[in-house]
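Before any comments, here is the structure.
No lab work stands behind these numbers, since they all come straight from the coordinates. Note that the coordinates shown come from a computational prediction; the quantities given were computed from them, not determined experimentally. Here the Cβ positions follow ideal geometry from the backbone for every residue, glycine too, while neighbour counts run over all protein chains shown.
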Amino acid sequence: MNQKEVEIINAAKVLFGQFGLKKITTDDIAREARISKATIYKYYKNKDQIFDEVVEREADQLLQEIKDAVEKAPTVKLKFKAHLFTRMEKIGDFVNFYRVTRESWGDFWPHIANVRQRFLRGEAEIVKDILKLGIQTDQLRVKNVDLASYIMVVGLASLEYNWVLEDTGVSLSRYVDTMLEMITEGIKRGDN
């Protein structure tokens, strides 16, 4: 990616994050990037293609941040915690990646469906690696690692909506700790 493309993407990221995809025009992006509209069209067909690029970059960055946090954690339990906390904490930083889901599902979902699926597959691979480590070290018992990792990732995806935790009075830290306890310790009574 050359410098002009970076300028376009960075300007678009700011504008889409502030105003959403519907309200922003290619002219707005050109003005923010301090380049001509013709320069934008040299690299991108339309603002939807720019939005796709913004969302793809955010997804890649979020996935990398999760991987980095998980790799640094020394134990299975702390790896799960790093995954959960990083994902939940960073949701607000990746406004455009989540904006379509929240605001305009029907209008713009096709633009990022592939990116979302690729992200979920990448995240499921991270979780699968943690589960496998837990099995290898005899800390976890999981019958179907693929299914378990997929269920965990899809469950987390439901929390991308800020309103899910808004009225619960539960802090992100407490939520992550409780979910982590359920994952690693289960919810079954010990005497059963």
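Using the beta-carbon distance between ASP177 and THR39 and R0 = 41 Å, what value does 1/(1 + (r/R0)^6) give for FRET efficiency, to the nearest 0.05?
Taking R0 as 41 Å, the efficiency between ASP177 and THR39 is 0.25.
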Rounded to the nearest whole number, the per residue volume of the convex hull around the C-alpha atoms of the range 1-44 in Å³ is 60
At what distance in nm do the modelled label points of GLU65 and ASN46 sit from each other, each positioned 7 Å from its Cα along Cα→Cβ?
3.1
Note down the nm distance, to one decimal, between modelled labels 7 Å out along Cα→Cβ at ASN2 and at ASP129.
3.5
At 7 Å along the Cα-to-beta-carbon direction for both THR25 and VAL154, put a label point, then send me their distance in nm to one decimal.
4.3
Near LYS128, which lysines are there with a Cα under 19 Å away, not counting those fewer than 8 places off in the same chain?
LYS67, LYS72, LYS77, LYS79, LYS81, LYS143
Which part of the range 30-47 falls in the paramagnetic zone of GLN18, meaning amide N under 17 Å from the point 7 Å along Cα-to-beta-carbon?
30-35
Under 27 Å from LYS42, Cα to Cα: lysines that are on another chain or at least 8 residues apart:
LYS4, LYS13, LYS22, LYS23
